[in-house]
Amino acid sequence: MADIESLLKEKRTFKPDSDFTRQANWNKKTTNEYRKLGDSNPTKFWAQMAKENVSWFTPWKKVLDWKPPFAKWFVGGKINVSYNCLDRHLEGENAWRKNKAAIIWEGEPGDTRVLTYAELHREVCKFANVLKAQGVKKGDRVCLYMPMVPELAIAMLACTRIGAPHSIVFGGFSADALRDRINDAEAKIVITADGGYRKGAPFALKPTVDEAVEKTPSVDRVIVVKRTEQPVDFRAGRDIWWHEAMAEASAKCPPAKLDSEHPLFILYTSGTTGNPKGILHTTGGYLTHVTTTHKAIFDIKDDDVYWCTADIGWITGHSYVVYGPLANGATTVMYEGTPAHPGPDRWWDLIEKWGVTIFYTAPTAIRTFIRLGDEHPKGHDLSSLRLLGSVGEPINPEAWMWYHRVIGGKRCPIVDTWWQTETGGIMISSIPGAVETKPGSATRPFPGVHADIFDEAGESVKGDGGGFLVLKQPWPGMLRGIWGDPKRFKETYWSTYDQTYFAGDGAHRDKNGYFWIMGRIDDVMNVSGHRIGTMEVESALVSSPDVAEAAVVGRPDEITGTAIVAFVSPKGTTIPDDALVGRLKKQVTKEIGAIARPTEIRFTNALPKTRSGKIMRRLLRDIASGREVGGDTSTLEDFSVLAKLRESDDD
Ligand code: WT7
């Protein structure tokens, strides 16, 4: 609540700079026109964007087929994502882009690779032929479990070239988590690497894949990129080296002419149950959404050097490291490692070295840099920067102001972009040449996006007020479903309100129509901009023989936004000691990955429950944050539990 109050007291505003507006892809006039069209006729607006920003082999017959909650966009249109990201930059009036840098890659040890559009095209065609030679057909799922190396982008684009949907699993997930995702998608092939570099040392990926694929009947091939030269176990008949397969592959591979609604990728994200959801995105609508928003919100120009720091294993990396920038013919920077290696100025060094002009990162990173000290960015020439972006969590006004002052040198507009794995692309954001910004607010919905704030009864909150963030009209980048689970798709997003998408975020809208996102209102935590379900962590904990019951909540954390706190009641004879804390943290790391490891584990002999047996998380959240336990406790089954938990707080 304190956060909400501090946000809503924010009165500073920043008008778009007139020099910026003059050169902007979208100025005030175009933005207003698009807004009007998007408000009155969203399908017409998106159809115009699909025509202007994306290339089609065959035009669509129908812009939108909407049978709630199932949408089909650009029905009958034929399209290919890799064609849009590559071939069209090598042809006709764009042919000069042939030797333009498509990907500027830097490894953590400092090694670099620059792939021009022509080179990237060649590599993608070759790898598409490798996939075909391994029996991958249109519609087959390909799992990518890789470090941040160019081969990851190459593999993605190769999948799109032949119409094989990819499912990327972030390299920080454990073997158990990887296995579950492979099995859910029934992936035929896994692409991985021996490892990658992080914090100055190589980490291994192949052993994790070996462990996972012991129990994945659908997988018959594993292709391995050599990155770190760590020794790997090679299973004859199953494992193939990337470089060996590529050496023989032809560089000719025509892009498949795919239906607009052909599945493009699956990406797993956490929900309120123990099982992650396979979010399904399809081709034409997604590409239209990410290409349009990338062009308008990041004001991308041919001479820009654009860097989004997200790992490609998350949706931000899919949409705004790879697909959006490459479809726009931009130069996109990819960095393999951590921000503070070899020193706390590595990112600023990269910006100076490559002359980065547009920089897109997360509030967690910004808050970490604030703590590390201004001398690190100040020790570098950051004058190439002209635009900054933020994503993943609410950005507190103090962090916004620091970003503006220290990184942006007070001259760069900031775009705070709200969206989700499910939305595919940005939904609420400033347009840098057109919209006045307020620190902490994502400003207004993108044209064509019908975001609103509803109260519990499903009424739109009028004037200044807060409630639940919803989307009232379908949009082209929207998820088409949860892989293999249409029931969960309906229940999660479409059952709270009629024909309206329920985002799961609380939000406030001020009297100027600006949106202030307050964060998740469901049992999902946002840790460093990554979603983790409380239930997922709980099921990892209760799978330990020492645990009778567990309840997991988030508590506010200055750097990561949320810290994970687990309340655990041990089984009868188990001694709740430090060794058990260590074992339980390890257990979570094994079942999910280090990102889900609780910051704190508190032992208790009972959890507060309602009479119907539901854990009262609200109380636990108060206790975990050291707040006075507030609100209604009349349904609490056993008051002594609360007293005991409070006591455990004191020691
Ligand atoms: C959740 C989505 C797609 C972005 C990466 C995270 C939170 C995202 C903002 C923002 C406040 C934000 C929301 C959302 N979120 N952007 N600009 N301001 N909150 O994707 O893992 O699907 O998580 O991230 O809570 O629901 P994700």
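Below are the figures for this structure:
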read-out	value
Estimated FRET transfer efficiency when R0 is 60 angstrom, pair Glu248-Glu600 (beta carbons, to 0.05)	0.70
Listed pairs Lys438/Lys614; Lys11/Lys72; Lys9/Lys67; Lys78/Lys472 exceeding 31 Å between Cα atoms	Lys438/Lys614; Lys11/Lys72; Lys9/Lys67
Sparse-neighbour loop sites [GluC sites (Glu not before Pro); segment 81-112; at most 14 other C-beta within 10 Å; DSSP]	Glu91
Label-point gap, in nm, between Ser543 and Lys590 - each point 7 angstrom along Cα→Cβ	0.9
Probe 1.4 Å, protein heavy atoms only - accessible area per residue of segment 527-650 in square angstrom	47
Within segment 522-566: backbone nitrogen closer than 20 Å to the Glu456 label point (7 Å, Cα to C-beta)	522-524
DSSP-assigned coil residues among chymotrypsin sites (Phe, Trp or Tyr not before Pro) in segment 341-446, each with at most 14 further Cβ atoms within 10 Å	none
Label point 7 Å beyond Cα of Asp233 along Cβ direction - residues of segment 143-177 with amide nitrogen under 16 Å	175-176
Segment Arg621-Asp485, length gained on full extension (0.36 nm per residue, minus Cα span)	45.9 nm
DSSP-defined antiparallel bridges as percent of all bridges, the chain, nearest 5	60
Fully extended contour minus Cα-Cα distance, from Ile521 to Ala204, at 0.36 nm per residue	110.5 nm
DSSP-assigned coil residues among GluC sites (Glu not before Pro) in segment 445-530, each with at most 13 further Cβ atoms within 10 Å	Glu456, Glu459
Descending semi-axes in Å of segment 527-650, equivalent ellipsoid built from Cα gyration tensor	22, 18, 13
Share antiparallel - DSSP beta bridges, segment 215-318, percent rounded to 5	65
The chain: relative contact order as a whole-number percent, Cα under 8 Å and 6+ apart	14
Gain on full stretching of the segment that runs from Asp19 to Val75 - 0.36 nm per residue minus C-alpha separation	16.1 nm
Cβ-placed point charges (K, R +1; D, E -1), dipole of the chain about Cα centre in debye, nearest 20	1920
Per-pair calculated FRET efficiency, R0 = 25 Å: Glu52 and Lys28 via Cβ, rounded to 0.05	0.85
Antiparallel bridge percentage (DSSP; both residues within segment 527-650; nearest 5)	75
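The values are calculated or read from the model by the stated rules, or taken from the named source; none is laboratory data. Fair warning: this is a prediction, and the values are worked out from it, not measured in the lab. Neighbour counts run over all protein chains shown; Cβ positions are idealised from the backbone, glycine included. Note: areas computed on protein heavy atoms with side chains; ligands, DNA, RNA excluded. Shrake-Rupley method; radii C 1.70, N 1.55, O 1.52, S 1.80 Å.
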